[in-house]
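Report on the structure given below.
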Amino acid sequence: MVHVSTLVKSVNVLAIDTSSTSCILGLQVGGNVFTDIRASERSHSRDILPAISSLLEVNGLTFEQLDYIIFGEGPGSFTGLRIAVGVVQGLGYGLEIPVVPVCSLACLAQSSYQKYGNEYNVVALHARKEEVYLGVYKIEKHIAKPITTEKVLDVNRIDFELTGDWIGVGDGWMFREQLEKSLNIDMLGIDINIQLQPTALLTLGAASFKKGDFIDALSARPKYLRENISSKDVKK
């Protein structure tokens, strides 16, 4: 479920995410979208620039024709995030174009919406031991919007509850029993193996760019979440 109306059709945009074991690339050329997903966690640094060059060349675009770059800022693999940020800084600075950071948790929520059409998604990525990166999202006008602050939480000590029909996505749902108990809810469904989609990255990045939420390339930074306590209940 990709809503092309959320994309600005007159621009050329590159999207990059290396926050996971996969190298995710998306390219919008006017009204057309092209993607490349490859499993290459141990070779992100070696493969990413050739993969970007190939994606551009195959689709008849040069680096100089790019209008801006979208990147997954994390959370996720520390090494992967640093690689993406380094590439984005180098390309964006050299081309003198802005860059748009997008939360990788939000991208997974957007990917879930595109796959299942469910408007309520809880994203959990395994951080370490029994901790997860957690984000809670509601779809508004086809865009995943956070309704709590994304944070790192112990699966047994979550500080809010959910009501309604929610889908859980991400490998953090390996702790389904603990998370459902902590959230006081039975999830409508779980997708532990969901793949972040380039179209989701492009969609969220375009929405941010339209609002003016872009930065200069050298300001790009990885997003390393830290524990942030909140006592809000989360309801539809």
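The values are calculated or read from the model by the stated rules, or taken from the named source; none is laboratory data. Since the model is a prediction, treat every value here as computed from it, not as a measurement. Methodologically, a virtual Cβ is constructed for each residue, glycine included, from the backbone with ideal geometry; neighbour enumeration extends over all protein chains shown.
The single condition among (1) of a type outside the set (Phe, Trp, Tyr); (2) touching a Leu at 6+ places or on another chain (Cβ under 7 Å); (3) free of Cβ contacts under 8 Å to residues at least 40 places away in the same chain that residue 107 does not meet is (3). Among the numbered conditions (1) over 16 Å from residue 15 (Cβ atoms); (2) at pLDDT below 95; (3) in contact with an Asp or Glu (Cβ under 9 Å, 6 or more places away or on another chain), the only one that residue 133 does not meet is (2). Here's a check for you: in the range 1-32, which residue that is at pLDDT 65 or above and among the β-branched types (Val, Ile, Thr) is surrounded by the most Cβ atoms within 10 Å (Cβ to Cβ)? The qualifying residue surrounded by the most Cβ atoms within 10 Å (Cβ to Cβ) is 18. For the criterion of being in the same structural domain as residue 169 (by TED's automatic domain parsing) and over 24 Å from residue 158 (Cα atoms), residue 129 fails. In the range 136-173, the residue that is surrounded by the fewest Cβ atoms within 10 Å (Cβ to Cβ) out of those that are of a type in the set (A, V, I, L, M, F, W, C) and in a loop (DSSP other than H, G, I, E, B) is 147.
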